[in-house]
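The values are calculated or read from the model by the stated rules, or taken from the named source; none is laboratory data. Everything numeric here is computed off the predicted structure, so don't read it as measured data. Cβ: placed from backbone, ideal geometry, glycine included. Neighbour counts: every protein chain shown.
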Amino acid sequence: MFSNQKGAQKPGSLPASENGQPAAPTIPLLSVVGERARMEGKFDIADSIQVECEVGGEMNVGGKLVIGEKGVVNANVQTVDAIIMGHYQGNMIATGNVEITDSGRVTGNITTDSLVISKGGFFNGNVSKMNEQPNGHRPIYLMDDTRAAQLSGQR
């Protein structure tokens, strides 16, 4: 039911890449599989997780949330990145990227800097940009004096 997808290797060693040099460490992906399994509660996951069952409640994910094609998530989610291939309902805050694939179905509100909806994907809700100023106000940046003088023709 729970599996950690890591290759068998010596503790503390890095996997070798094609050229024999140590490859970058991979982030473990916890997979929760069980087509008829249902879990409810508050989940705090430090790394990444793939869900292939039904999950309800609240999820805080320190890495990437992957909702597989058989996954159903009815929860408020806070994550870095999300890939939605199954069904998601709730409010999501993602500091990174959110992707709704062609099989993904989303109902709810998403706050993120990057949202991609593939052709065939479904989204019903509102999208907010991360760190957006209320009432559409944008920050004002001051230019340094020398550049401002050059732009106005003065030196």
I need every pair where a residue in segment 26-54 that is closer than 20 Å to MET85 by Cα and of a type outside the set (Lys, Arg) has its Cβ under 9 Å from the Cβ of a residue that is modelled with pLDDT under 90 and buried (at least 19 other Cβ atoms within 10 Å of the Cβ), sequence separation at least 6 or different chains.
MET39/VAL32; ILE49/VAL32; GLN50/VAL32; VAL51/VAL32; GLU52/VAL32; CYS53/VAL32
Residues of segment 93-109 that turn out to be assigned to a strand (DSSP E or B) and either within 9 Å of the chain's Cα centre (by Cα) or in contact (Cβ under 8 Å) with a residue 24 or more places away in the chain (or both), as a count:
5
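Each row is one residue, and each column tells you yes or no for (1) surrounded by fewer than 15 Cβ atoms within 10 Å (Cβ to Cβ); (2) among the charged types (D, E, K, R); (3) in contact with a Cys (Cβ under 9 Å, 6 or more places away or on another chain); (4) more than 23 Å from GLU35 (Cβ to Cβ).
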| residue | (1), (2), (3), (4) |
| --- | --- |
| MET59 | no, no, no, no |
| LEU65 | no, no, no, no |
| GLU69 | yes, yes, no, no |
| ASP102 | yes, yes, no, no |
| THR112 | no, no, no, yes |
